[in-house]
Structures are given as C-alpha cells and as structure tokens.
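Contents: one structure, followed by commentary.
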Amino acid sequence: MEDDFTYVIRKALRGLNLAPGDAAARAGLAESEVMGLIRGTFSKDAASRLAPVLSLKPEALAGLPDYEPNAVDLPSVERLDMAFADGQVNAWLIRHDGRSMLFDTGASNSSIALALNAFGAPHLDAAFVTHDHQDHVGGLEEVARRSRVLYLPGGSGHPIQAGDVIAIGLLKIHAFDLNGHCAGALGYRIEGLEKPVCVVGDALFAGSIGGCPTETYLTALELLRRGVFSQSDESVLLPGHGPASTVGEERTSNPFFP
Ligand SMILES: [Fe+2]
C-alpha cells in the first residue's frame, strides 16, 4: 500500500488546514492521542473519533491497517513496478488486440527501458502521461523514442486535455480532469477491455489520495467523486503508486469518500 493511516490523517489535516491540537479539541481527544496516530500508534477508538472532524469515513479509517484491495486480474493490464526514492512508482502497460499503450513513464529513462524490455514491449502505439511529476515523466525521452504518439497534459508533442477521446484499435480512452494533487493532472477512462479501467495517476491510491495543498484539496475530492466514483463498482483503478483497486472497494474502504 502506498499510504498507511498516518499519511491519511496528515493529508486530511493539511487539506483542511487544521492543526493537530485543533482537530483533537473538536474530536474530544487529547492532543497527544492525535499526535500518537500521526506518529504511527494506531488506536481504533481515537481514529473513529477523529475521522468525522477530518470528514473521513470512520469505519474506513479504523479499518485501514487491515485494508488491502483484492488482486486485480486483467490479462491485458500489466503493472510496471519500478523502484523510486525509498518507495516505488507504477507505469501501466496495456496490450489489447495487437496494440500496446503505456500510462506514465517512470522516474528515469533507464528504469522504464528496463521495465519495457522485461515485458517485451520494444514499441508502443501510444503513451499517455497523467501528471508532470518527476517520478511519472522521468522516462519521457525513452518512451517518446519507443512510442508512435505521446500524449502529454497541456504539454508539447501531442497535447491532451480533459474531454478528449482517443481511439486506439478497439479501445477508447477518455481523458478527464483530476486536478488537485498536481495542476493539469488527467485521469484516463479506458473503454473496450474486459472491464472498465481508470488510470488515476497520483490523484487516488488504494485507501488514500495523493497529497494536496489546502487550496486544491476540496476540488481534488470533488473531481474524484465526479470522474471516478461515478463509475461502476467493477471499474478497475490503476494508481501511480501502490496496488490496483476497484471503485467498489474504494467506495467502502477509502476514508476520503464518506
Ligand atoms: Fe505525483
């Protein structure tokens, strides 16, 4: 999992611009109890009382230490799981009906080259970028060299924006607005695979969201509700870090969506 409960609580405090002491007072907790949660001492009782103050779903926050989405098994979707800093970053390779496309490019040219070679993908029909953060665009040069078309949100090359629909073989890729974690971020809904698939970049992780400053926090949540949680429960979610999930599982277990 990309985030544990400490990150979720810190992201909510930052998003709502709340100091731990203020949140504790509103929840009827001692500041030391909230600090304990932030530092990694889990208490189901304290988490359940703090959750409503942070507009988090109490059962989901209390259940987060045990949450892990079910493994997603879609034959045409492969996760390129690459080491980055002290964690990892994903790119997603989709091969369907003789076409191949990549979502995000990893943190460096060498890491994406290694991953694509390991998966036997020397050439791509198209590549799409979710947002302009180094761990997602670091391999841009290598991917541009391998791909017939490279779609960059608002960028050079083939710009793409929310509302655009790209047809690749039998698939339709719908770009939609996922601003918040990063200005100009896009999500991609893919139609035509065995199940509906949504590439969400760092806007959403299994059990969490990407960090947002206070200025964009509520917009980020609203855009996720509109663009992702409006989809069917079986829709598969492919995030920029951590495991894949589904809309149904996140509806129940992601604390940010009460
Ligand atoms: Fe990011």
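The values are calculated or read from the model by the stated rules, or taken from the named source; none is laboratory data. What you see is a predicted model, and the numbers here were worked out from it, not measured in a lab. Neighbour counts run over all protein chains shown; Cβ positions are idealised from the backbone, glycine included.
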Seminar exercise, completed: Exactly one of Asp81, Asp86, Asp97 is touching a residue at least 40 places away in the same chain (Cβ under 8 Å) and in the same structural domain as Gly192 (by TED's automatic domain parsing), and that one is Asp97
Exercise. Does region 211-221 include one or more residues that are away from the ligand (no atom under 16 Å from the Cβ) and of a type in the set (A, V, I, L, M, F, W, C)?
Worked result: yes
Exercise. List pairs: first in region 64-75 and small (Gly, Ala, Ser), second assigned to a loop (DSSP other than H, G, I, E, B), Cβ under 9 Å, 6+ apart or cross-chain?
Worked result: Ala71/Pro243; Ala71/Ala244
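Among the listed residues Pro239, Pro243, identify the single one that is in contact with an Asp or Glu (Cβ under 8 Å, 6 or more places away or on another chain), under 20 Å from Met101 (Cα atoms) and away from the ligand (no atom under 16 Å from the Cβ).
Just a single option satisfies the conditions, and that option is Pro243.
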Exercise. Looking at region 184-199, which of the residues that are within 26 Å of Asn17 (Cβ to Cβ) and more than 11 Å from the ligand (Cβ to nearest atom) is surrounded by the fewest Cβ atoms within 10 Å (Cβ to Cβ)?
Worked result: Gly184
For this session: Answer yes or no as to whether Leu61 is more than 16 Å from the ligand (Cβ to nearest atom), in contact with a Leu (Cβ under 8 Å, 6 or more places away or on another chain) and in a strand (DSSP E or B).
Result: no
For this session: For Ile94, state whether it is out of contact with any Gly (no Cβ under 7 Å at 6 or more places or on another chain), crowded, with 24+ Cβ neighbours inside 10 Å and outside any loop (DSSP other than H, G, I, E, B).
Result: yes
For this session: List every residue pair whose Cβ atoms sit under 7 Å apart, with the two residues 6 or more apart in sequence or on different chains, where the first one lies in region 171-187 and is assigned by TED's automatic domain parsing to the domain that holds Glu222 and the second, anywhere, is in a strand (DSSP E or B) and within 12 Å of the ligand (Cβ to nearest atom).
Result: Leu178/Val200; Leu178/Gly201; Ala185/Gly201; Gly187/Val200; Gly187/Gly201
For this session: Evaluate the following for Gly120: is it within 16 Å of Met1 (Cβ to Cβ) and more than 19 Å from the chain's Cα centre (by Cα)?
Result: no
For this session: Please work out if Gly155 is at pLDDT below 95 and at negative phi.
Result: yes
Exercise. Among the residues of region 17-58 satisfying the criterion of being part of a helix (DSSP H, G or I) and either among the charged types (D, E, K, R) or in the same structural domain as Ala244 (by TED's automatic domain parsing) (or both), which is nearest to the chain's Cα centre (by Cα)?
Worked result: Arg39
Exercise. Looking at (1) of a type in the set (A, V, I, L, M, F, W, C); (2) surrounded by 19 or more Cβ atoms within 10 Å (Cβ to Cβ); (3) within 23 Å of Arg226 (Cα to Cα), can you tell me which one Ile166 breaks?
Worked result: (2)
For this session: Specify which of the listed residues (Pro159, Pro258) is in contact with a Leu (Cβ under 8 Å, 6 or more places away or on another chain), surrounded by fewer than 21 Cβ atoms within 10 Å (Cβ to Cβ) and not assigned by TED's automatic domain parsing to the domain that holds Trp92.
Result: Pro258
